Amino acid sequence: MVHRPVPARLPVPAGLGRLLVLTTVFICAACGLVYELELVALASYLIGDSVTQASVVLSVMVFAMGVGSLLAKRLRRRAALGFAAVEAVLALTGGLSAMALYACFAWYGQARPALVGFSLVIGVLIGAEVPLLMTLIQRIRRQDAGCAVADLFAADYVGALVGGLAFPFLLLPVLGQLTGALLTGAVNAVAGGALVLWLFRGDLSLRARWTLLTANGLVLVVLAVCSVLTGPFERAARHAVYGADVRVAVHSEVQEVVLTGGGASGRPLSLFLDGRLRFSGDEPRYHEALVRPAMAGGPHRRVLVLGGGDGLAVREVLRHDGVGSVTVVELDPAVVRLARTDPELAALNNGAYRDRRVRVVAGDAFDWLRAARGTAGGPYDVVISDLPDPGLTPSTKLYSQEFYGLVARALAPGGRMAVHGGDPDARPHTFWTVDATVRSVGLRTAPYAVQALPAPRAQRQGWGFLLASHGPVRLSRPDAGPPLRELRAPPGLLPSTLMHPRYAG
C-alpha cells in the first residue's frame with residue numbers, strides 16, 4: 001500500500017509555505033557542505049595528506065547518506081517531527097565536530113577514528129533530510145514527483161554552492177575552524193526548528209512542540225557555551241600538542257604558525273606550520289647543507305630563495321662574501337613578520353631581514369616565477385628551494401616538471417639550484433623521483449645527504465638534497481658545516497619519470 005501524505009494545515013498560503021521549505025533546504029544544504037569541508041580541512045591539518053583525508057570523508061559521507069535515506073523511510077509518517085529531530089542532532093554533531101576532532105588529536109594523538117565516526121554520523125543525518133523534506137513539500141501541494149524532486153535538488157545544490165564558497169572565503173578566515181563550525185550548527189538548528197515549530201506546528205502535539213523547543217534550545221546553549229570557550233580550549237589543546245612553552249601562535253591567512261621554546265624554557269626554538277615541524281635545534285645542519293654547496297660552487301652575486309620565510313636560509317647566504325642581492329619569495333607574510341619581530345627568531349637568523357641586500361616578495365613561488373618568466377631580478381647565480389616537504393600534497397606544484405623548468409630559466413649560465421628532496425633513507429622513492437623530475441627539464445644533478453642529530457622520538461634520519469645546474473655539476477664540500485654524503489640511487493629502485501604530472505596551473 002502506497003503512503004500518500006496528508007495535506008498539511010499551514011498558517012500561510014501554500015505558495016509561501018513551499019517557498020519556506022525550499023529556503024530551509026537551501027540553508028540545510030549549505031550547512032551540510034560546511035560540515036563536510038570542515039572535516040576535510042581539519043583532517044588535512046591534523047593528519048596530513050589532504051587527498052587521502054578528502055577521499056575518506058567524501059566516500060564515507062556519500063555511503064552514509066545512502067544509509068540515512070533508507071532509514072528516513074521509517075520517519076515519513078511523522079515527517080515534520082522526524083525532520084526537526086534530525087536537524088537538532090545534525091546541528092549538535094556538525095557544530096561540535098571540529099572541536100571534537102581537535103580534542104582527539106591533542107589529547108589522544110589520533111584523530112582518524114573520530115574523523116570516520118563524524119563523517120558517518122553526519123552523512124546519515126544529511127541523507128535523511130531529503131526524503132523527509134520531499135514528504136513535507138508534497139504535503140503542502142501535491143505535484144508531479146519529478147517536478148518536486150527537481151525543485152528540491154535545485155535548492156539543495158544552490159545551497160551547497162553557497163556553503164562551499166562561504167567556508168573558505170568567509171567562515172574560515174573570519175571566524176576560524178572551531179567557531180565557524182559552531183556558528184554553522186546554530187544556523188542549522190534555527191532553520192530546522194523554526195520550519196517545523198512554526199510552519200508545521202499543526203502536525204505536533206503540545207508535548208512534541210515543547211520537547212522540540214527544549215531540545216533546540218539546549219543545542220543552541222551548548223553551541224553558544226562552546227563558542228565562548230574556544231579560546232581557552234585552543235590554548236589548552238595547543239599546549240597538549242606543543243608543550244607549555246608556546247611563544248607565539250598565529251592564524252594567518254595561509255596557515256597556523258606556532259613558535260615554541262627558546263629563552264628560559266630550556267628547549268630549542270622550534271617553528272611549526274600547520275602542526276608540522278619546520279625547524280628545531282638541529283636546523284643549522286639542514287640550512288648549512290642546503291645552502292653552502294650551492295654558494296661554494298661558483299659566483300653567487302644574485303641569489304633567489306624560494307620559501308624560507310624564517311630567514312634561516314638567508315642567514316647562510318649572507319655569510320658568504322660577494323653577495324649583492326637576495327630575493328626571498330615567501331607565501332605567508334606572517335612567517336616573515338615573525339622572523340623580523342620575534343627576538344629569539346631574529347637572533348637565530350642573525351637579523352637577516354635587516355640587511356639592505358634582502359628583498360622580500362609575498363606570494364606563491366610557482367606563480368611568481370611564472371609571472372616573472374625568470375626576469376624579475378634575474379638571472380640568478382644561485383636558487384635555494386627551501387620549500388615544504390615533497391611528501392605533502394599542497395606542495396605538489398612546487399616539485400613539478402613545470403616548476404623546475406621555470407627555475408631553470410631563471411638560472412644564469414653556470415648558476416646552481418639547491419633543492420630539498422626529503423629523507424632519502426626513510427623515503428627513497430620520493431627522493432629519487434624528485435631527482436628524476438629535476439633532470440627531466442635538462443638540469444644535471446648531484447644528490448647528497450646530511451645526517452640529523454640523534455634525538456628522542458626523532459622521526460627523521462636526515463635530509464636529502466639535490467645540487468643542480470645546466471652544465472656539469474660537482475658537489476663542493478665547504479670547510480665548515482656538517483659532513484655531506486654523496487648519494488647513488490639504490491639498485492633496483494625505479495622512480496617515477498616525474499614527481500607529479502606536469503602542472504598546468
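The values are calculated or read from the model by the stated rules, or taken from the named source; none is laboratory data. Predicted model, so just to flag it, every value in this text is computed and none were measured. Note that we place each Cβ from the backbone using ideal geometry, even for glycine, and neighbour counts take in every protein chain shown. Accessible surface areas use protein heavy atoms only, side chains included; no ligands, DNA or RNA. Shrake-Rupley method; radii C 1.70, N 1.55, O 1.52, S 1.80 Å.
Roughly speaking, to the nearest percent, how much of the chain's 1.4 Å accessible area is carbon and sulfur?
Result for the chain: 61 percent of the exposed heavy-atom area is carbon or sulfur.
Report Rg/Rh for region 29-79, rounded to two decimals, where Rg is the Cα radius of gyration and Rh the Kirkwood radius.
On the Cα set of region 29-79, Rg over Rh gives 1.14.
If you project the alpha carbons of region 83-173 onto their three principal axes, what span does each projection cover, largest first, in Å?
For region 83-173, the Cα extents along the three principal axes come out at 53, 28, 17 Å.
Any idea what the relative contact order of the chain is, in percent, if you count C-alpha pairs under 8 Å spaced at least 6 apart?
13 percent
Mind checking which helices in the chain clear 20 Å along their axis (Cα) and have mean Kyte-Doolittle hydropathy of 1.0 or more, DSSP H runs only?
Going by DSSP H runs, the hits are 14-46, 50-71, 79-108, 112-140, 145-166, 206-228.
Going by Cα centres, region 308-373 and region 59-79 are how many Å apart?
Cα centroid to Cα centroid, the span is 54 Å.
Based on Cα positions only, what radius of gyration and what Dmax would you give for region 276-327, in angstroms?
11.1, 35
Looking only at the chain, where both bridge partners belong to it, what percent of the DSSP beta bridges are antiparallel (to the nearest 5)?
Percent antiparallel among DSSP bridges in the chain is about 60.
Along the charge dipole of the chain, Cβ charges K/R +1 and D/E -1, which of Ser496, Val190, Leu70 sits furthest on the positive end?
Leu70
Among Gly351, Val258, Val12, whose Cα projects farthest towards the positive end of the dipole of the chain, with charges put on the beta-carbon of Lys, Arg (+1) and Asp, Glu (-1)?
Highest projection toward the positive end goes to Val12.
Measure of size requested: the Rg and Dmax of region 125-263, with Cα atoms as the atom set and Å as the unit; please supply both.
Values for region 125-263 (Cα only, Rg and Dmax): 20.9, 72 Å.
For region 311-419, what is the accessible area per residue in Å², given a 1.4 Å probe and the full set of protein chains?
37 Å²
Roughly how many Å² is the accessible area per residue of region 18-145, as a whole number, for a 1.4 Å probe?
39 Å²
For region 197-297, what is the accessible area per residue in Å², given a 1.4 Å probe and the full set of protein chains?
Result: 47 Å² of accessible area for each residue.
Using only alpha carbon pairs under 8 Å that are at least six residues apart, calculate the relative contact order of region 283-374 and give it in whole percent.
The normalised contact order for region 283-374 reaches 28 percent.
Stick to the Cα atoms of region 310-364, pair each with every other, and give me the Kirkwood hydrodynamic radius in Å at one decimal.
11.2 Å
How long are the semi-axes of the ellipsoid equivalent to region 247-292, from square roots of 5 times the Cα gyration tensor eigenvalues, in whole Å, largest first?
They are 20, 16, 7 Å, listed from largest to smallest.
With a ≥ b ≥ c the root eigenvalues of the C-alpha gyration tensor of region 251-364, is it rounded (a/c under 1.5), prolate (a/b larger than b/c) or oblate?
The shape class here is prolate.
From the residues Met295, Ala237, Leu331, which one has its Cα farthest along the dipole of region 233-385 in the positive direction, the dipole being from +1 and -1 charges on Cβ of Lys/Arg and Asp/Glu about the Cα centre?
So the residue furthest toward the plus end is Met295.
Report the far tail of the P(r) of region 385-424, meaning the percent of Cα-Cα pairs longer than 15 Å.
So the portion of pairs separated by more than 15 Å is 44 percent.
Beta carbons within 10 angstrom, averaged per residue: use that to sort the peptides 202-212, 13-23, 431-441, highest first.
Ranking, from highest mean packing down: 431-441, 13-23, 202-212.
Mind jotting down the distance between the C-alpha centroids of region 133-167 and region 220-249, whole Å?
Their Cα centres are 38 Å away from one another.
Give the distance, in whole Å, between the Cα centre of region 25-57 and the Cα centre of region 187-213.
Value for the Cα centre distance between the two parts: 29 Å.
Bin width 10 Å, origin at 0, all Cα-Cα pairs of region 16-166: what percent of pairs per bin?
12, 40, 31, 13, 4, 0
Using the C-alpha atoms of region 161-231, what convex hull volume per residue, in cubic angstrom, is computed?
77 Å³
Sort Phe169, Phe118 by heavy-atom solvent-accessible area, probe 1.4 angstrom, most to least.
Most to least solvent-accessible, the answer reads Phe169, Phe118.
Length gain on complete extension for the stretch Trp198 to Ala371, per 0.36 nm per residue less the alpha carbon to alpha carbon distance?
Gain in length upon complete extension: 56.7 nm.
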